[in-house]
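Step one of this worksheet: look at the structure below.
The values are calculated or read from the model by the stated rules, or taken from the named source; none is laboratory data. The structure displayed is predicted, hence computed values, not measured ones. Note that we place each Cβ from the backbone using ideal geometry, even for glycine, and neighbour counts take in every protein chain shown. Protein only, heavy atoms only, side chains kept; ligands, DNA and RNA dropped before computing areas. Shrake-Rupley method; radii C 1.70, N 1.55, O 1.52, S 1.80 Å.
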Amino acid sequence: LNVTEEKFVLDTLAGCTEYKSILDVVVNAFYVQDGRYCPISERNLYIVICYLATFQLEEIGLQHFSRIVKSLDTAKMQQFLRFFFNDLYLNTWIKDEWSHIYDSVYVKENLIDPLLRWQPKVQQLIEKLTDKLSNRSSTVKTSRVTQPKEFNLTVPKPRAIPPPSPAPLPVLPKRQPVPPSIYKPPKERKQLEEIKTKNIQKAKVTNTNQFRCATIKPEKREFLYRIISAMLVLWSQISCEQYLEVVWESILTQYFEELTKQPQDLIDNIPIKLNTAAILREGALYQRKLEEELKRVENLQQGAGDSSEFLEWQKQMRGKDLEDQLAEVECRKLQGKLSYEEAVLAHQNVTQENKKKADLLREEKAELMHLYAEKRLQEQKEMKELVEQVMEGHKNVKQVKEKIQEYKQQIVQQVCEESGELLRQALEEQEEKNRKRYELIQQIRALESTPSIRHKFVDLTETGGHGLFGEMSVVELRERLALLKEAQKAAEEEKRDQIIHEKQAKEQLILDKLDQISQFRAELGRAAAFKQEEKKKSQSGERPMKDERILNLQKKIVEKTMERKKQAGLL
């Protein structure tokens, strides 16, 4: 049996076993009334037919049910179906007997009503069985007429068409010479470059005043460059604290006054937003400066010397060093421009050498293509000879095919014998598995049919009785949890108050620091303004210096530029 038939047989067997009580009612009554002369050995046959008609008729359909009935003894099936599908029997004693086993509503809706619904169609099946018994079949047998058939003659195989001779290979036409215009730059490129240069010049003219607020004048840019170089030199020579003092007092003050030239009142009134860390950091800086100033005053009172002369000398020396460094930076910048011009000249020389190499490579490529064409002609001749040899070898293929066919038939016969033995073993194993499965199903159904009572009373005030040290009831556990929650809330409130007090103290400290910072800034602004006025009186405008090295480098750059333009014109 295949999988579907096997499942149908097992379901039918299980159903007959499960509903044996109601099936016995019908079969026992049949043996008492209409089946008095039927053998007892056919009792299981009537049970199966009764189960299929009662429970499986809607699932399998009338056509399959008729096929099962017609495959059995016609007289017995006609007699049993006429007894079972009797309207009087179904509505009277069969319904009453089944109501003793199952609920009457269930019997009427799920058993009796479906049978009454199928009763007209089953009655037609009973009439067909009756006609078959009385040899009054509705179908008329027609005699068969002998029809001639054609002889099964062997169709001759078509003859193989000899392969055509290989077509001659086409000869490659002569290639056209490369036009000289390929090696010349196109006119469009020159036109695009001219348009590009014009657009760049136009953009430079139009964009000079567009971002005037963000640009720096040349004199201020040079001054800023000198200031940054000086800052880097000071950073490498002095400590961090001295560097901050010098930058604050001299360099940064000069830069901002020279760059912006705004009134001091406007600068002092600009609002600056500081965070807590910046306020504390600046307050600590001013506090440290105040302590140092007090210490210096105490030393002067005790008779110590003043370091103003030394600081003035140190400032002059640093100014000289700054000028030397600016000259060195300018020399480096000019050396960079000189190296750029030399690199452009070298690139133009390399371009000329590459063009010469490209011409040599084209000549070598033409020679290689000529050799490749000769090699292809030789290979085509060899392929023609190989085709002739293969055509001669096809003549002996027929004998080899016959031997292979015989060998394959022997292999197929052996495989069929082995597969039959394996199929028989598999069927035996499957039958054993089905038997064990049926026994397991019976055990499971027996266990499921036993009722289970699950009622347990739970007292929340009693302990579990497990013998543990910290054992408690559910009610006590809830009370302890409530106490813990109250204690946790009280601790949170206390911590919240502490945080608020600390925050207020920190805010007061920041306000004090802000007052101190504003006072120090005001004093430093006045001191810086006084120093600036003195410096303007004592110094005149600075004049940029140029030494001999810078002048020589500028001359070399001009010469290299002229040489590069001449080389570009030749190219």
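Points worth noting:
- Heavy-atom accessible surface of segment 3-137, averaged per residue, reaches 56 Å², computed with a 1.4 Å probe.
- Accessible area ranking (1.4 Å probe, heavy atoms, ligands and nucleic acids excluded), largest first, for TYR407, TYR286, TYR106: TYR407, TYR106, TYR286.
- Residues whose amide H lies under 5 Å from that of MET472, counting only those 5 or more places away or on a different chain, are GLY464; hydrogens are built 1.01 Å from N in the peptide plane.
- The accessible area of CYS416, taken with all protein chains in place and a 1.4 Å probe, comes to roughly 80 Å².
- Among the protein heavy atoms, those of LEU440 account for about 100 Å² of accessible surface (1.4 Å probe, every chain in place).
- Within the shell defined by Cβ-Cβ distances under 11 Å, the residues around GLN78 carry a net charge of +1, with Lys and Arg each +1 and Asp and Glu each -1.
- Working note: Cα gyration tensor of segment 3-137, eigenvalues times five, square-rooted, sorted largest first, giving semi-axes of 22, 18, 16 Å.
- For ARG318, solvent-accessible area (1.4 Å; no DNA, RNA or ligand), Å²: 60 Å²
- The slack in the chain from LYS289 to SER71, taken as 0.36 nm per residue of separation less the alpha-carbon distance, amounts to 66.5 nm.
- Chymotrypsin sites (Phe, Trp or Tyr not before Pro) within segment 12-98: DSSP coil, no more than 15 neighbouring Cβ in 10 Å: TYR37
- Remark: spin-label model distance HIS64-GLN33 equals 3.0 nm, labels positioned 7 Å along the Cα→Cβ axis.
- Whole-percent carbon and sulfur share, accessible surface of segment 320-438, 1.4 Å: 55 percent
- In this simple spin-label approximation, SER419 and LEU45 carry label points 7 Å from Cα along the Cα→Cβ vector, and these lie 3.7 nm apart.
- Backbone HN-Hα couplings from phi across segment 330-346 [Karplus 6.51/-1.76/1.60, Hz, Gly and Pro as x]: 5, 4, 4, 5, 5, 4, x, 5, 5, 5, 5, 4, 5, 5, 5, 4, 5
- Calculated FRET value between SER134 and HIS100, using beta carbons and R₀ = 35 Å, to 0.05: 0.35
- THR17-ASN110 FRET efficiency (beta carbon distance; Förster radius 22 Å; 0.05 resolution): 0.70
- Applying 0.36 nm per residue to the separation of ILE182 and VAL3 and subtracting their alpha-carbon distance, the gain on full extension is 56.5 nm.
- The listed residues MET383, MET77, MET317 rank as MET383, MET317, MET77 when sorted by accessible area, largest first, using a 1.4 Å probe.
- FRET efficiency, 1/(1 + (r/R0)^6) with R0 51 Å, evaluated for TYR372 and ARG159 via beta carbons: 0.75
- Of all accessible heavy-atom area on segment 3-137, the percent that carbon and sulfur account for (1.4 Å): 53 percent
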